[in-house]
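The values are calculated or read from the model by the stated rules, or taken from the named source; none is laboratory data. Computed from a predicted model, the values in this text were never measured in an experiment. Virtual Cβ from ideal backbone geometry, glycine too; neighbours counted across all protein chains shown. Quick note on the areas: whole protein, heavy atoms, side chains included, nothing else; ligands and nucleic acids left out. Shrake-Rupley method; radii C 1.70, N 1.55, O 1.52, S 1.80 Å.
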Amino acid sequence: MNGAANNLKIQSRGTLRQYGNTTWFVTQQRQIRLANNTTANYYFITSANTRVRGWVKTGSLKKSTRSFTNLYNVAKSKLGHRYVYGAVGPNTFDCSGYTKYVFQQAAQKTLPRVAQAQYRQYPKISKQRAQKGDLVFFGSGTGSISHVGIYVGGGKMIDAQDNGVKNEKVYVPWWHAVGYSRPVNFGA
């Protein structure tokens, strides 16, 4: 797309379908007048890896529900709910049942049922690279995970533990954090 809004040339270079399930970022919006005197809205998009970019008609995209804000809102909505060993929601949870429930509801991501399997399933992240929405795991080592929570930034997490679903610090004397994993990359 080049030229002024009233003298515009649009050239098709490809379709979004050829890029599969790619995450696109919208950086600009432009309204143009078409030859038949109607208007159309276009977005300038860039792929997550920044290799592909261009203008697309607004109807070609849909907003992702995979955002940390969405995940955090679902996670917060369960604060104060009771802990019950083996429970997977929607009103009572154990630790991995809670993370499984939140990711399914907020990001349509199906996590394994138990904390150890959740740790094994996804890419490992160092403490220094941990992002909001990563899972944080606890136990005596990576081979014996006994607890999991959702990292919410600032050294805090939301988790289901004996006192119910709580927002609490990751690094306290009664927890031994052994690692992080990233089921969904909310930063991409």
Would you please put 165-172, 134-141 in order of how densely packed they are, using the mean number of other Cβ atoms within 10 angstrom per residue and starting with the highest?
134-141, 165-172
Students often get this wrong: which residues of segment 85-106 have the backbone nitrogen under 16 Å from the point 7 angstrom along Cα-to-C-beta of A117?
86-89, 94-104
Counting DSSP beta bridges in segment 63-185, what percent are antiparallel, to the nearest 5?
90 percent
Could you sort out which of K57/K124; K109/K156; K57/K127; K78/K124 sit more than 30 Å apart by Cα distance in this structure?
K57/K124; K57/K127
Can you give the FRET efficiency for Q29 and T50, using 1/(1 + (r/R0)^6), R0 = 22 Å, r = Cβ-Cβ distance, to the nearest 0.05?
0.70
Residues with amide H under 5 Å from that of G164, placed H, sequence gap 5 or more
Y83
Treating every alpha carbon of the chain as one equal point scatterer without solvent, the Debye formula yields log10 I(q)/I(0) values at q = 0.08, 0.12 Å⁻¹ of -0.37, -0.66
Report relative contact order for the chain in percent, whole number only (criteria: Cα-Cα under 8 Å, sequence separation at least 6).
17 percent
Per its Cα gyration tensor (rounded if a/c is under 1.5, else prolate when a/b beats b/c, else oblate), segment 100-176 is best filed as rounded
Roughly how many Å² is the accessible area per residue of segment 53-148, as a whole number, for a 1.4 Å probe?
54 Å²
With axes computed from alpha carbons, what is the tilt in degrees of helix 95-107 against the longest principal axis of the chain, rounded to the nearest 10 within 0 to 90?
10 degrees
Structure-based [θ]222 nm, the chain - -39500 (n - 2.57) summed over DSSP H runs of at least 4, per residue, nearest 500:
-4500 deg cm²/dmol
